[in-house]
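The values are calculated or read from the model by the stated rules, or taken from the named source; none is laboratory data. Just so it is clear, the structure is predicted and the values come from calculations on it, not from any experiment. Don't worry about glycine lacking a Cβ; one is built from the backbone with ideal geometry, like all the others, and counts go over all protein chains shown. These accessible areas exclude ligands, DNA and RNA; they are computed on the full protein's heavy atoms, side chains included. Shrake-Rupley method; radii C 1.70, N 1.55, O 1.52, S 1.80 Å.
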Amino acid sequence: MLWNWNVSIYKMAYKTNTLETLGYHIERNLLSKQLLDVMNIYFSMKEEVSGDRALITDDESLGNPTDPQQIHKDLQVRGSMTIHGDFIVESLLSYLTPVFSEIAGTPLVPTYAFFRYYNKGQKLDYHWDRICCEFSATVPIGYSEIWPIWLKDFKDENKSVDLELGDILFYKGCAVPHWREPFEGEWAHQTFLH
C-alpha cells in the first residue's frame, strides 16, 4: 500500500483544542528536527540550483510552466520564490492529513501544498485564504530566526504566534485573517498545507 491512512500516528496529547473557540490550534513538536533538516537541505539545494533565475526572469515559472515542481516567482510576496506541488510537501500533507482531520473533528481531504522562500524585509499582507483552504497549516522548515505569524482570532483579537521548528499552526484559513510583518531575519523556509 502506497499510503497508510492510519490515524493512530497521532494521539490528541494537547490539553485544549482551540480550533473551534479561536479559529486556530498550535501543535508543538509534532515534526522531528531530522525530517525538517532533510527538507531544509532539499529546498536549499533547489534554491541554489535555480533560485536566482526565478527572481530575474519575467516568466512566472522556469523551464516548463506546466511542471508544478518548478520554482517560480511568488505573486503574493514580492521578491520571494515558491514551489507548488513538490513531492516532498505533498507527501508531508498526505502524512499529516489524519492529524489535521482529528484536530478538525472531521475527515479532511488534502487539496494542495506549497513551499515558499522568504528573505529579509519581506512580508505577508493581511488576507483570508481562498475557499479550497478552509483548513490550513503553516509549518516552518528552517529559518535564521523565528518569524511570528499574526492572526485575528474568533474573539476579534490580534494574536502573534511564534513557531519553533517542529511546531505547526493549524487554522481556519477562510475564516481567520492572517499576515506577517516585515521579516527582520535573513531567510525563512515555510511550507503551507491545505
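Checking the Cα-Cα distances for LYS46/LYS159; LYS33/LYS172; LYS120/LYS155 against a 29 Å cut-off, the pairs over it are LYS46/LYS159; LYS120/LYS155.
Using the Cα atoms of region 122-194 to build a convex hull, what is its mean projected area in square nanometres? Don't jump to the answer; show the numbers that get you there.
On the way: hull surface 17.9 nm².
Averaged projected hull area, Cα only: 4.5 nm².
Might you tell me the accessible area per residue for region 130-194, computed with a 1.4 Å probe and given in Å²? Write down the numbers at each step before the final one.
On the way: 2570 Å² over 65 residues.
With the other protein chains kept in place, region 130-194 gives 40 Å² per residue.
Once you list every other residue whose beta carbon is under 12 Å from the beta carbon of LYS120, what net charge do they have if Lys and Arg are +1 and Asp and Glu are -1? Please list the in-between numbers first.
On the way: positive: LYS123; negative: GLU145, GLU184, GLU186.
Its environment carries a net charge of -2.
In terms of its alpha-carbon gyration tensor, region 72-194 comes out oblate; a/c meets the 1.5 threshold, while b/c is at least as large as a/b.
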